[in-house]
1. Only Cα pairs under 8 Å and at least 6 apart count here; give the relative contact order of region 60-193 as a rounded whole percent.
2. Could you go through region 103-108 in sequence order and give the Karplus-derived ³J(HN,Hα) for each residue, using 6.51 cos²θ - 1.76 cosθ + 1.60 with θ = phi - 60°, rounded to whole Hz, and x for Gly and Pro?
3. What is the distance, in nm, between label points placed 7 Å from the Cα along the Cα-to-Cβ direction at Gln134 and at Gln69?
4. Run the accessible area of region 53-167 with a 1.4 Å probe and give the carbon-and-sulfur part as a rounded percent.
5. Taking 7 Å along the Cα-to-C-beta vector as the label spot, tell me the Asp102-Gln154 distance in nanometres, rounded to one decimal.
6. Heavy-atom accessible area per residue, region 103-171, 1.4 Å probe: how many Å²?
7. Could I have the simple spin-label model distance between Gln82 and Asp119, label points 7 Å from Cα toward Cβ, reported in nm to one decimal?
Amino acid sequence: MWRTGKWLVESYGHAAHPANWQVGDVHKVFVDKEGGIVNAEAPFTLLIGRRPPSGQKGPNPQFASSISQEARQRWGTRAPLQGDLYARITWFHGERRTQDVDNIPKRILDALTDIVFEDDKIIAQTLATAIDVQRDYVIGASTADDDLYQYLLQRLEAMERQDIDAPRHLLYVEVGQLDRQNAAFGPIDRSSP
């Protein structure tokens, strides 16, 4: 699992830290279980039981308000992320979907503007996925905090069982710093046949 930690800047030129860090500074960083730096800032993660609206249908004030409110609670007083960012949006649904997955990110990213980042133009990479929980699917390694990840797994199990109190939709949003620009060709996820 991933965790946050602190990192003492010991020399200039270390590839994992931003150029404005100074020798002797101590910064909160996102590290893997071996203590290696993964990112200079832990990603923002959000899980909410909402169906995402299509970006082609115009503004949806109720949806934007619920995303913004939840984002403020999760992000707290942290400064907005800077630099090139990625956004990963996964919509878990238990019923037939009618909107196109490529139209989903716009409304979500707009609702996170001025909270998690100052302008969505710094989002350099976006991956939007729709998962039908009634079909087979795989969940890969998680960068979400442990509590959020465990809650996600519990809610997904309830959706799969079609429990009465289970949400019909779960929306997972992650925004973090992009380590490097990357262009890949071929299948997006090689873990499935």
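The values are calculated or read from the model by the stated rules, or taken from the named source; none is laboratory data. From a predicted model like this one, the values you see are computed outputs, not experimental measurements. A quick note on method: Cβ atoms are made from the backbone with ideal geometry, for glycine too, and the neighbour counts reach across all protein chains shown. For the accessible areas, the whole protein counts, side chains as well, though only heavy atoms, and no ligand, DNA or RNA atoms are used. Shrake-Rupley method; radii C 1.70, N 1.55, O 1.52, S 1.80 Å.
1. Computed over region 60-193, the figure is 37 percent.
2. Here the 3J(HN,Hα) series is 9, 7, x, 3, 5, 5 Hz.
3. 3.0 nm
4. Working: 2970 of 6820 Å².
The C+S portion of the solvent-accessible surface of region 53-167 is 44 percent.
5. 3.8 nm
6. Details: 3950 Å² over 69 residues.
On a per-residue basis, 57 Å².
7. It works out to 1.5 nm between the two label points.
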